[in-house]
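Asks: Supplied in structure tokens, the structure appears directly below.
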Amino acid sequence: MNNKINTKILITTGFITGLSILTLLFVFSSCKKKELKNYNVVLVVIDTLRSDHLPFYGYKKNTAPFLSKLSEQAVVFENAFSVSSWTSPATASIFTSLYPFQHQVLMGLLAIRMAKELDPNMEINKIPPEITTITEVLKKAGYSTFGVSDNLNIGEKQGFTQGFDKFVCNMYHKAPEVNKTLKAWKEEITGSGKYFLYIHYMDPHAPYHRREPWYQPKEDRQEHLISAYDSEINFVDQHLEEMYKLFGWDKNTLLVVTADHGEGLWDHGKMGHGNSLYREEIQVPLMIYLPEPAPDMSRRPKALVSTIDILPTVRDIIGLPRGKYDEGMSLVPLIEGKEEDFKDRYLFPYLWKSVKKVVEFKSTIFRKWQFIFTRPKKRELFNLIGDKLEQHNHYFKGFKIARGLEKQFEEFMKASKKYKKKSSNIKLDQDNLEKLKSLGYVDDN
Ligand SMILES: [Zn+2]
């Protein structure tokens, strides 16, 4: 063999060996397990809480003195969106970091809204057992796991209890009852090492009660209901404060406070939720209180974020690797003041119901735009910055933008990993049926 070739081979081999060592070092360092933190993780979901009715999101009334105070020591995300507008799909997305058309929790008790009589053989969707929920992630990481849900849509039948050591699901027994359960469990929760606690308060959900001393009487029916809704926020704020103090979540605890969805208060003619994907139904508060506060806790990231980001963020903060199928993004870069990765982010909220007829809504949120497609052919485009109340449809003027956003949704939906729809039968007793009626889930008409 000629010397020249030998030298060349040696040089090449040396180069490859050097490269391999570098690669190995890189792989090793990126695979190196981070040390797991010993923080407790507390996830509080306040049902039906739209962010713009909270003082730290600019509301004129002090509906949440406790959360406002906490917001000064936490990171508050200015533009957080749920990916659906009613409990089951939206909360399943929090639990799984997947969109509703992926986890397929689409049918639930809302579907019987128009039913005169409850069909005992009715099927509702559940989170497919093969999906790993936030509870299972934390259970596997050595957490003991507890959950208290005050919404019947978040129960065992719907797959929400996967991974919980202890879980109770009530039907709107209200915040004092939720707290009573938590007080009864306190020793067990705090005496078992690090824990994950999920609390789902229901109070701002209709029917709104007049909570004293916060309710301000109004003659006008709509104003009265809004005053009652606001007083329910005060009510739940006070009860959350009680638990915060009792459990001492100011220490060694990663506390996330959010909502499953918002609430229409006649912004687009209707009261309630699960009716559309307009901003009032999907824009939610999102606050993260960190166990080791970041240097600048007054930071309020404006980037577009979502409740599907909660699971990847929790993983990141406690030192777990990103989940293979997480659709959400870790919010840690935003907490550290780095917005770059979020600049071109898309969100794809989705709503599907089958009530007499199928109703489907698809939305793309990108930068300042929200595009909404309502089956079969209604298309709207709103400017989220210039038109906060989404009163002006720019679809025809912004046709190209709207078409582009619609295409993004369709392509994402087509390419995304989808799980096989799972269902279970649910049979409600008369008591729960009456409660569902009072909540507007079953309509006598
Ligand atoms: Zn809800």
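Asks: Within straight cross-link reach of K414, meaning Cα distance under 13 Å, which aspartates and glutamates are found once same-chain residues fewer than 8 apart are removed?
Replies: E406
Asks: Another one. What does the charge count near I189 come to, summing +1 for each Lys or Arg and -1 for each Asp or Glu among other residues with Cβ under 13 Å from its Cβ? Please report the intermediate quantities before stating the final value.
Replies: Values: positive: K166, K183, K186, K194; negative: D165, E187, E188.
Charge balance near I189 sits at +1.
Asks: What percent of all Cα-Cα pairs in region 152-212 falls into each 10 Å bin, going from 0 up to the bin containing the maximum distance?
Replies: 18, 48, 28, 7
Asks: Expressed as cubic angstrom per residue, what is the convex hull volume of the alpha carbon set of the chain? Can you show the working numbers first?
Replies: Numbers: hull volume 82.9 nm³, N = 445.
Given the Cα convex hull of the chain, per-residue volume reads 186 Å³.
Asks: On each of the three principal axes of the Cα atoms of region 299-445, give max minus min coordinate, whole Å, ordered largest first.
Replies: 53, 47, 32
Asks: Here's something else I'd like to know. State the answer as a single residue: which of N62, M287, G328 lies farthest towards the positive end of the charge dipole of the chain, with beta carbon charges of +1 for Lys and Arg and -1 for Asp and Glu, about the Cα centre.
Replies: The listed residue farthest towards the positive side: G328.
Asks: I've got another one for you. Can you work out the FRET efficiency for the pair E410 and L36, with r the C-beta to C-beta distance and R0 = 35 Å, to the nearest 0.05?
Replies: Working: r = 40 Å, r/R0 = 1.14.
So the FRET efficiency works out to roughly 0.30.
Asks: Local charge sum around F412 (other residues, Cβ-Cβ under 13 Å, Lys/Arg +1, Asp/Glu -1)?
Replies: Working: positive: R345, K362, K407, K414, K417, K418; negative: E327, E406, E410, E411.
Net of charged neighbours comes to +2.
Asks: Counting other Cβ atoms within 10 Å, which chymotrypsin sites (Phe, Trp or Tyr not before Pro) in region 188-248 have at most 14 and lie in a DSSP loop? Walk me through the intermediate numbers first.
Replies: On the way: sites: Y195, F196, Y198, Y201, Y208, W214, Y215, Y229, F235, Y244, F247; in loops: Y208, W214, Y215.
Taking region 188-248 and a limit of 14 other Cβ atoms within 10 Å, no loop chymotrypsin sites (Phe, Trp or Tyr not before Pro) are found.
Asks: What is the magnitude of the charge dipole of the chain about its Cα centre, with +1 placed on the Cβ of each Lys and Arg, -1 on the Cβ of each Asp and Glu, and no other charges, expressed in debye to the nearest 20?
Replies: 1800 debye
Asks: Could you derive backbone 3J(HN,Hα) for region 168-181 from the dihedral phi with the Karplus parameters 6.51, -1.76 and 1.60 (θ = phi - 60°), listing whole Hz in sequence and x where the residue is Gly or Pro?
Replies: Values per residue, Gly and Pro as x: 10, 10, 10, 10, 6, 7, 6, 4, x, 6, 4, 5, 4, 4 Hz.
Asks: W369's amide H: which non-local residues (gap 5+, or another chain) put their own amide H closer than 5 Å, with H modeled 1.01 Å from N in plane and none for Pro or chain starts?
Replies: Excluding prolines and chain starts, which carry no amide H, the hits are L384.
Asks: When the chain is treated as a GNM, springs tying every alpha-carbon pair under 10 Å, which of E281, E241, E78 comes out with the largest mean-square fluctuation?
Replies: E241
Asks: Tilt of helix 221-247 relative to the longest C-alpha principal axis of the chain, in degrees (0 to 90, nearest 10)?
Replies: Taking Cα atoms only, the helix is inclined about 50 degrees.
Asks: Let me ask another. How large is ³J(HN,Hα), in whole Hz, for each residue of region 265-275 in order, when computed from phi with the Karplus curve 6.51 cos²θ - 1.76 cosθ + 1.60 and θ = phi - 60°, using x for Gly and Pro?
Replies: Once rounded to whole Hz, the list reads 10, 6, 4, 10, x, 10, 9, x, 8, x, 9.
Asks: So what is log10(I(q)/I(0)) for region 122-185 at q = 0.17, 0.23, 0.28 1/Å, when the Debye sum runs over its Cα atoms only?
Replies: Each listed q maps to, in turn, -0.63, -0.99, -1.18.
Asks: Check R50: other-chain or 5+ apart residues with amide H under 5 Å from its amide H, H built from backbone geometry?
Replies: E263
Asks: How much of the DSSP beta bridge set in the chain is antiparallel, as a percent to the nearest 5?
Replies: On the way: 33 of 58 bridges.
Once the DSSP bridges in the chain are tallied, antiparallel ones form about 55 percent.
The numbers here are math on the coordinates, done by the rules we state, and not lab data. Being a predicted model, the structure only gives us computed values, none of them experimental. Backbone-built Cβ (ideal geometry, glycine too); neighbour counts: all protein chains shown.
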